[in-house]
Amino acid sequence: MTTEIEWRRNWKPNLKTKSWKPLLINNVSYLVKYLFTDTSYEILVTNLIDSWFERAEEADIIQRTKTLNPIVEAPLNKLLEHIQDSLDGMKEGTTFSLQNQTENGDSTETTHGITASMTTVLAGLTFNWHFQCAPASADMVSGHLVQPLVTMVTELHRQQEELYRLLANKDKEIGDLKSQGVRVSRKHLETPLFDKSVFKDGMLASKGFVDVMQVSCGEAFNRDGQRLYEDIAIKLAWLCHETQTQVESDKESLEEDETVEGSELRTVETGQSWLNRVPLSLQSGQGASISPRKSPGKSPGKSPQKSAGGSRGSSTDPSPVKVGNQEPV
């Protein structure tokens, strides 16, 4: 079975394993994630209320480029590289705007898509691009946002508990050193014993706790948050691959067992039985109407006739009887 290290060497990232990044559009905080190839791209945008998605292939990208930038001529892969760099924030002067797609002149954000417009500079020329996104499905929102965020919270809680355990061990180590007469060289470095309950109460009562409530959603996806998200997404992809491989292996084993059982059953059904075995006379080439020859020496003789009395002495055998020393009568 493939190990995780071998799987990672051949595995190719997909949109699900790409982390969210904060993006400010029209003074509103959004989260965006995207995946670019040489001929296509996928992009997912959310404001934590609604989500929108677009997948654009080669033909659509070329046609949209001609419509929005008729004087721009560049290879497709270079255009996509420029768009990705602009999203990454590597292109200075890039601006974004967002408009709701309308139908019959009536704009409804929750039921229609959005057009996220980007303006940047390519080779000294103004370059415009429109991401035309449709509402994302509930499964996509769950798989890309809800489930990973819940897993991130769970993992951070696990790491926090591990830190608590390490702090408790450090206190024991410091206590052991103090019992041997070791003292801190500088008084301000001395710390009290760590108390988890006191620490948690202090954090909830601090001003930082209030500040967290007022920051934008993008603060959760700083560099550390993005890395944790990607680590979780990649690990989940590996676990899904491992489960799928096991299911396929079990299915193949079951099919092989069924094939072997069927083969054994056919062998039993087609084998000779005592009812359909060919007689030896036919196997030797003799006709079915010819009976086996009788052996003269082994043919039974006629049975002697019995007397009316049924005694053994009443046999019709003509042999003479000799009595004592007398001559035969």
For the stretch 74-101, enumerate the residues that are assigned to a loop (DSSP other than H, G, I, E, B) and either modelled with pLDDT under 90 or of a type in the set (Ser, Thr, Tyr) (or both). Gly89, Met90, Lys91, Glu92, Gly93, Thr94, Gln101
Expected output for the stretch 133-152 (first residue within 23 Å of Ser97 (Cβ to Cβ), partner of a type in the set (D, E, K, R), Cβ below 8 Å, 6+ apart or cross-chain) is Cys133/Glu54; Ala134/Glu54; Pro135/Asp50
Look at the stretch 133-162 and say how many of its residues are surrounded by 15 or more Cβ atoms within 10 Å (Cβ to Cβ) and within 29 Å of Ile62 (Cα to Cα). 6
Of the numbered conditions (1) within 19 Å of Ala134 (Cβ to Cβ); (2) assigned to a helix (DSSP H, G or I); (3) in contact (Cβ under 8 Å) with a residue 12 or more places away in the chain, Glu54 satisfies every one except a single condition; which is it? (2)
The condition of being in contact with a Leu (Cβ under 6 Å, 6 or more places away or on another chain) and within 21 Å of Leu35 (Cα to Cα) holds, among His82, His130, only for His82
Among the residues that make up the stretch 2-14, is at least one of them under 18 Å from Gly113 (Cβ atoms) and among the aliphatic types (A, V, I, L, M)? no
Among what's in the stretch 3-53 and is over 20 Å from Gln147 (Cα atoms) and in contact with a Ser or Thr (Cβ under 7 Å, 6 or more places away or on another chain), pick the residue that is surrounded by the fewest Cβ atoms within 10 Å (Cβ to Cβ). Asn26
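The values are calculated or read from the model by the stated rules, or taken from the named source; none is laboratory data. Small disclaimer: the values here were computed from a predicted structure and weren't measured. Neighbour counts run over all protein chains shown; Cβ positions are idealised from the backbone, glycine included.
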